[in-house]
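Chemist: Dropping the structure in here first, questions after.
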Amino acid sequence: MTVTLREIQLSNFKKFSNLKISFNSNAVAIVGGNATGKTTILEAILHLSTGKGSQPAGTYVKKGEGFFRVKGVIIPATGGPPSEVVVFYDASKREKKILVNKKLISRLANLIGLMPTISLNMHSFQWVWGPVEWRRKQVDLLLAQANKTYLETLIKHYRVLEQRNKALRTTKDKTLLITYGQLLFETSSLIRRYRNKLINDINEMSSQLLDYLLPHKKHLLNLKYHHHSDEDWENKLDREMELGYTLWGAQRDQITWEADGQDAASFLSRGEGSRLSLTTVIALWLWLSQHKKEVTFLVDDWEAFQDKKYLNAVPSFLLEVKPHNSSIFLTSWNILKGSHWQQVVLKQKH
Ligand SMILES: Nc1ncnc2c1ncn2[C@@H]1O[C@H](COP(=O)(O)OP(=O)(O)O)[C@@H](O)[C@H]1O
Ligand SMILES: [Mg+2]
């Protein structure tokens with residue numbers, strides 16, 4: 001059995017002063033009523049994976065306390081000794097420290113990919129209805145977890161972009177701007193090659209899922225990646241110097257679900273859009289599982305994706321499509337049926 005995350009310990013993390021949970025299954029249901037801390041536990045797991053949550057670090061510190069600490073013990077599916085990840089945040093210094101096997105890591109990039117995760121939660125509706133920036137960021141996070149070269153290229157891209165934008169505001173030195181421009185063109189090209197491949201794969205993988213989830217609309221829908229070739233970037237230089245920022249590059253690319261060139265957000269119903277979001281995230285999960293040995297799927301409030309017509313049983317559907325090297329942590333208001341799930345029941349007072 002694949003067990004990725006075996007144990008988690010929270011200190012002063014949101015509502016929890018001290019909480020330790022051991023996991024012994026690759027399908028875990030975290031069960032509890034409103035405000036019992038279900039989302040908090042998934043956010044803690046996200047911290048172990050990406051070093052941060054969806055909100056600013058300070059909001060995770062328990063009210064009245066000065067720090068939080070999240071510790072996780074990870075067992076590689078392929079055997080070998082467990083790894084320990086600690087994320088520590090000091091609120092007064094506003095300082096985060098991340099330790100892997102008790103050794104301080106010098107940069108966040110060294111954590112990414114160790115315990116890859118993918119999330120399905122209330123934000124996931126943005127696959128259809130959100131801003132393009134959000135989708136680009138999700139694609140970047142996914143690719144970064146799957147591939148170190150991508151992560152390093154992305155970091156380099158944003159560093160060069162920042163330097164170039166600064167130079168556009170402060171210097172009249174065109175040779176420097178052209179040097180930065182060439183670097184940015186190179187990083188953009190590489191980033192786009194990876195994104196193109198991912199988006200092609202996702203279209204292929206979601207086509208099967210959509211047969212089941214969106215049978216009437218599926219042949220129309222395509223996840224589209226819009227980007228320019230940017231071969232002519234030097235022609236934009238004068239305008240850029242006027243404006244003080246870069247007008248091209250992979251940081252501006254757009255990713256949108258479309259049919260016949262029309263944004264899916266404009267014609268899908270609420271139910272259809274939510275099923276398309278669910279489809280996207282499942283496809284990304286399957287994709288990541290093909291590229292990494294172990295993947296953790298974090299599903300918050302699965303009931304939000306419940307759909308009487310097609311999917312009144314999201315949890316069992318997820319188990320059905322689950323790759324063997326993947327684990328699911330799902331939160332639920334009610335105890336789940338079936339013996340597959342390890343159920344962790346949260347009480348109001350903890
Ligand atoms: N920084 C914090 N300190 C103390 N309690 C917090 C903090 N942030 C959130 N909470 C509490 O955590 C609870 C919400 O937890 P959450 O994980 O969202 O619950 P659930 O997902 O089960 O509904 C609320 O009661 C909220 O007041
Ligand atoms: Mg919640």
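Nothing in this text is a laboratory measurement; each read-out follows from the coordinates by a stated rule. Since the structure is predicted, the reported quantities are computational estimates derived from the model, not experimental observations. No Cβ is skipped: glycine too gets one built from the backbone with ideal geometry, and neighbour counts run over all protein chains shown.
Chemist: Under 8 Å for C-alpha pairs, at least 6 residues apart: give me the relative contact order for the range 130-291, rounded to a whole percent.
Modeler: Values: 152 pairs, mean separation 48.6, N = 162.
Worked out over the range 130-291, it gives 30 percent.
Chemist: Taking only Cα atoms and a 10 Å spring cutoff, compute GNM fluctuations for the chain and point out the largest among V321, V87, V295.
Modeler: In the Gaussian network model the winner is V321.
Chemist: Here is a follow-up. Could you give log10 I(q)/I(0) at q = 0.13, 0.19, 0.21, 0.23 Å⁻¹ for the range 32-108, computed by the Debye formula over C-alpha point scatterers of equal weight, without solvent?
Modeler: Log10 I(q)/I(0), no solvent term: -0.43, -0.85, -0.99, -1.12.
Chemist: So, one more: Which loop-located GluC sites (Glu not before Pro) does the range 170-252 contain, where loop means any DSSP state but H, G, I, E or B and the Cβ has at most 11 other Cβ atoms within 10 Å?
Modeler: Details: sites: E186, E204, E231, E234, E240, E242; in loops: E231.
Hits after loop and neighbour filter: E231.
Chemist: Moving on to the next point. Using only Cα atoms and rounding to the nearest 10 degrees, what angle (0 to 90) does helix 38-50 make with the longest principal axis of the chain?
Modeler: 50
Chemist: Sum up the lysine pairs in the range 130-291 that clear both bars: alpha-carbon distance under 19 Å and a spacing of 8 or more or different chains.
Modeler: Lysine pairs, 8 or more places apart or on different chains, close enough: 12.
Chemist: Roughly how compact is the range 100-140, stated as its Cα Rg over 2.2 N^0.38 Å to two decimals? Let's see the in-between values first.
Modeler: Numbers: Rg = 14.1 Å, N = 41, 2.2 N^0.38 = 9.0 Å.
It is 1.57.
Chemist: Once all Cα-Cα distances of the range 1-144 are split into 5 Å bins that start at 0, what whole-number percent is in each one?
Modeler: P(r) for the range 1-144, in whole percents per bin: 2, 9, 18, 21, 21, 16, 10, 3, 0.
Chemist: Using the charge dipole of the chain (Lys, Arg: +1 at Cβ; Asp, Glu: -1 at Cβ; taken about the Cα centre), state which of A35, Q138, W233 has its Cα farthest towards the positive end.
Modeler: It is A35.
Chemist: Further, regarding this structure: Which value, in nm² and rounded to one decimal, describes the direction-averaged projected area of the C-alpha convex hull of the range 130-291?
Modeler: Dividing the Cα hull surface by four gives the mean projection, 10.0 nm².
Chemist: For the chain, what are the per-bin percents of Cα-Cα distances with bins 10 Å wide, up to the bin holding the maximum?
Modeler: Histogramming the chain at 10 Å steps yields 5, 23, 30, 25, 13, 4, 0 percent.
Chemist: With +1 on the Cβ of every Lys and Arg and -1 on the Cβ of every Asp and Glu, and nothing else charged, how large is the dipole of the range 26-123 about its Cα centre, in debye rounded to the nearest 20?
Modeler: Numbers: 13 positive and 5 negative charges, 59 e Å.
That gives the range 26-123 a dipole magnitude of about 280 debye.
Chemist: With springs only between Cα atoms under 10 Å, which of G181, G37, G51 fluctuates most in a Gaussian network model of the chain?
Modeler: G181
Chemist: Which value, in debye to the nearest 20, gives the size of the charge dipole of the chain about its Cα centre, when Lys and Arg are +1 and Asp and Glu are -1 at the Cβ? Spell out each step's value before the answer.
Modeler: Working: 48 positive and 33 negative charges, 285 e Å.
About 1360 debye.
Chemist: Next question, about the same structure. Are there trypsin sites (Lys or Arg not before Pro) in the range 165-247 that DSSP marks as loop and that have at most 16 other Cβ atoms within 10 Å, and which are they?
Modeler: On the way: sites: K166, R169, K172, K174, R192, R193, R195, K197, K217, K218, K224, K236, R239; in loops: K172, K217, K218.
Here the trypsin sites (Lys or Arg not before Pro) that fit, given the DSSP loop and packing criteria, are K172.
Chemist: What is the distance in Å between the Cα centroid of the range 221-285 and that of the range 47-76?
Modeler: Their Cα centres are 31 Å away from one another.
Chemist: Straight distance only, please: which lysines reach the Cα of K62 with their own Cα at less than 23 Å, same-chain residues fewer than 8 apart left out?
Modeler: K14, K15, K20, K38, K52, K71, K93, K96, K97, K347, K349
Chemist: Work out how much length Q163 to K93 would gain on full extension: take 0.36 nm times their residue separation and subtract the Cα-Cα distance, in nm to one decimal. Walk me through the intermediate numbers first.
Modeler: On the way: separation 70, 0.36 × 70 = 25.20 nm, distance 2.73 nm.
Stretched fully, the Q163-K93 segment lengthens by 22.5 nm.
Chemist: Please list the three semi-axes, largest first and in whole Å, of the ellipsoid equivalent to the range 248-350, using sqrt of 5 times the eigenvalues of its alpha carbon gyration tensor.
Modeler: On the way: eigenvalues 166, 73, 40 Å².
Sorted largest first and rounded, they come to 29, 19, 14 Å.
Chemist: Would you list, by chain and number, the aspartates and glutamates whose Cα falls below 17 Å from the Cα of K337, excluding same-chain residues fewer than 8 positions away?
Modeler: Counting by Cα, and skipping residues close in sequence, K337 has these aspartates and glutamates nearby: D301, E303, E320.
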